[in-house]
Amino acid sequence: MLSKCLSLHLHPHHHRHALFFSDPKKPDSLFKNPLFPTKLTEKTPTSLQTQSNSAMVKRWSKPISQFDDFDPDPTLANDDLKPTTSAQRTFSGLEMASLWVGLVVGVPSYYLAGSLVDLGMAWWQGIAVVVAANLILLFPLILTGHPGTRFGISFPVLARSSFGIRGAHIPTLLRALVGCGWYGIESWIGGEAIFLLLPRIIEESTFAKPLSWLGTSPLEFACFITFWVAQLGIVWKGMDGIKELEKYSAPILILLTACLLIWSYIRAGGFSHMLSLSSRLSSSEFWALFFPSLTANISFWATVALNIPDFTRYAKTQRAQIMGQAGLPIFMGLFTFVGLAVTSSTKVIFGNVISSPIQLLGAIGGVWTKILAILGISLAVITTNIAANVVAPANALVNLSPSKITFQRGALITALLGIAFQPWRLLQSSESFVYTWLVGYSAIMGPIGGIILADYYLIQRADLSIKDLYTLSPTGAYYYFGGYNLAAIAALILGILPVIPGFLHKVGILGSVSDTFTVIYNNAWFFSFFSAGIIHWILRSLMSKRSNHQDTEPLLPDSTS
């Protein structure tokens with residue numbers, strides 16, 4: 001089951017202030033954006049007046065690749081937070097796609113469709129839910145990845161534009177917290193793979209017996225720590241090491257996956273058993289299961305959809321990041337098909353269903369099979385874990401104190417917090433993992449994504465001031481109120497609050513809630529994403545109108561004089 005896995009050239013017109021901080025002496029400056037042309041002032045260059053729409057879009061999407069006159073505040077920048085230079089932007093579309101292959105091919109993805117079939121769906125319905133969820137998620141992935149490629153900025157820096165220079169810590173640390181939990185879960189799965197290689201005499205020793213205070217056995221915990229340490233060697237090389245890992249791991253993972261599929265097809269005599277798996281649900285039961293399952297599958301990659309600028313900032317072009325990410329629904333659909341086909345074939349081969357790929361490879365037996373299994377599963381876990389669950393938390397911690405915390409130190413802190421999550425306890429219950437962990441944290445990831453996209457496209461008009469992203473000056477566009485954008489914080493809270501009753505009911509704190517709160521919780525990502533984004537846009541628009549009214553209102557004579 002899923003539960004067991006589970007220097008930029010800064011042109012003058014790019015100095016764009018946030019909507020609320022437009023210069024009242026130059027009201028038209030707010031709208032001087034090549035993507036959204038309006039009435040032009042006398043100072044507008046003639047070339048801009050006659051620029052065609054296609055040229056404007058091309059210019060808007062072209063990455064800026066060189067810095068002029070850039071002097072960031074040392075408390076807001078270090079080598080890990082500064083925008084990437086043209087020399088650093090080396091990810092091609094193929095390498096972006098390889099990143100997603102490394103992310104997708106793993107134990108958690110293996111269980112996705114199978115878990116839905118276990119709940120009563122037909123095999124094709126389970127795969128369809130997974131593909132549909134990833135098609136939906138593809139839009140926020142590409143949209144959020146755009147500023148990463150255009151300005152070379154990471155997720156924490158992008159968050160400064162919408163939440164404020166200091167307020168950015170709120171969304172980045174929330175994202176980091178979820179990443180730490182996932183890091184622990186994936187590391188535990190890798191530890192299980194190590195446990196698979198141990199001689200039976202060790203597996204049956206007293207060290208393999210669970211301790212109540214620990215929640216697991218000392219032997220399993222030792223395997224977990226061993227795998228935990230092994231990952232740090234790759235992380236210590238930074239993004240270059242991660243890029244090389246994903247690039248060379250992708251073909252190996254595809255080959256190993258194909259071998260497993262071919263083996264199961266031959267041994268089971270085809271996929272007839274899988275194809276015979278029909279739905280056990282009525283129409284009403286299917287739709288009652290469909291929406292929370294869709295939300296859970298979206299939340300599976302909703303974390304990466306937030307911090308995707310951490311990767312797209314290294315992309316050569318917007319085309320590269322878009323084409324690379326477009327493969328996600330395809331990769332997820334194919335790999336969940338493999339997981340479902342292989343799992344269903346175990347019923348014919350072994351007489352019982354083996355849903356865990358780790359247990360399956362152990363059941364196949366043989367020394368070389370076990371060695372291949374440990375290498376394959378370890379590679380799959382590491383490629384997913386490091387890219388999806390280390391980069392974002394590490395960058396968030398770097399953003400807290402750039403002068404003291406490097407990417408490597410942030411990664412180490414992330415790994416330590418992964419242990420503190422005690423993933424062996426989190427994975428004890430299938431329902432709690434899917435409907436509490438996955439759906440629950442989507443209520444936090446959703447509103448953050450909605451606010452950032454609404455701010456970037458509807459308010460900032462996809463045009464940011466790089467200088468203002470790295471300054472603590474009160475006159476900076478993203479300083480807002482003491483460094484915090486109160487509109488974004490309010491929208492975040494209002495986006496999360498309606499989901500809380502359903503969450504408390506799911507974990508057993510509230511005995512019963514109305515059907516409305518149950519529906520909201522089952523669609524937590526959708527509800528929080530759109531509600532928070534719309535609320536943020538409305539609040540910022542109202543604040544802008546109020547500010548403009550106050551700035552243009554004529555002075556009135558003193559009535560008491």
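The table below gives the values:
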{"item": "Sequence of VAL101, VAL348 from largest to smallest accessible area, 1.4 Å probe", "result": "VAL348, VAL101"}
{"item": "Point-to-point label distance, ALA208-GLN359, nm (Cα→Cβ direction, 7 Å offset)", "result": "1.5 nm"}
{"item": "Accessible area in the full protein assembly, largest first, 1.4 Å probe, for HIS536, HIS273", "result": "HIS273, HIS536"}
{"item": "Karplus (6.51, -1.76, 1.60) ³J(HN,Hα), θ = phi - 60°, over the stretch 268-284, in Hz, Gly and Pro reported as x", "result": "8, x, x, 9, 4, 5, 5, 5, 8, 6, 9, 6, 9, 10, 6, 4, 5"}
{"item": "Amide H contacts of THR216 (H built 1.01 Å from N, under 5 Å, at least 5 apart or other chain)", "result": "LEU211"}
{"item": "Added length on full extension, which subtracts the Cα-Cα distance from 0.36 nm per residue, PHE530 to ALA258", "result": "94.0 nm"}
{"item": "Cα-projected label distance for ASP71 with GLN408, points at 7 Å along beta-carbon direction, nm", "result": "3.1 nm"}
{"item": "Listed pairs LYS247/LYS316; LYS247/LYS370; LYS82/LYS467; LYS82/LYS404 exceeding 21 Å between Cα atoms", "result": "LYS247/LYS370"}
{"item": "Under 5 Å, built H, 5+ apart or other chain: amide partners of LEU510", "result": "HIS505"}
{"item": "Using a Förster distance of 35 Å, the FRET efficiency for ASP118-MET323 (Cβ separation, nearest 0.05)", "result": "0.50"}
{"item": "3J(HN,Hα) from dihedral phi, the stretch 159-172, Karplus parametrisation 6.51/-1.76/1.60, rounded to Hz, x for glycine, proline", "result": "4, 4, 5, 9, 9, x, 4, 8, x, 4, 5, 5, x, 5"}
{"item": "Accessible area of the stretch 85-428 divided out per residue, in Å², using a probe of 1.4 angstrom", "result": "37 Å²"}
{"item": "Distance in nm between pseudo-label sites at LEU177 and TRP287 (7 Å out along the Cβ direction from Cα)", "result": "3.5 nm"}
{"item": "Cα shape, the stretch 235-374, gyration tensor, a/c 1.5 rule", "result": "oblate"}
{"item": "Heavy-atom accessible surface of the stretch 177-303: percent carbon and sulfur, 1.4 Å", "result": "69 percent"}
{"item": "With 10 Å bins from 0: P(r) over the stretch 85-428, alpha-carbon pairs, percent", "result": "6, 24, 33, 25, 11, 2, 0"}
{"item": "Amide H contacts of ALA315 (H built 1.01 Å from N, under 5 Å, at least 5 apart or other chain)", "result": "PHE91"}
{"item": "FRET efficiency for THR516 and THR436, using Cβ-Cβ distance with R0 set to 22 Å, rounded to 0.05", "result": "0.65"}
{"item": "Estimated vicinal HN-Hα couplings, Hz - the stretch 409-419 in sequence order (Karplus 6.51, -1.76, 1.60; Gly, Pro = x)", "result": "5, x, 5, 5, 4, 4, 5, 5, 5, x, 5"}
{"item": "Nearest-10 value in Å² for the accessible area of TYR110, using the 1.4 Å probe", "result": "10 Å²"}
{"item": "Sequence of LEU197, LEU277, LEU94, LEU214 from largest to smallest accessible area, 1.4 Å probe", "result": "LEU94, LEU197, LEU277, LEU214"}
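The values are calculated or read from the model by the stated rules, or taken from the named source; none is laboratory data. All values reported here derive from a predicted model rather than from experimental measurement. Quick reminder, even Gly has a Cβ in these numbers, built from the backbone with ideal geometry, and neighbours come from all protein chains shown. What goes into the accessible areas is simple: the full protein's heavy atoms, side chains included, and nothing from ligands, DNA or RNA. Shrake-Rupley method; radii C 1.70, N 1.55, O 1.52, S 1.80 Å.
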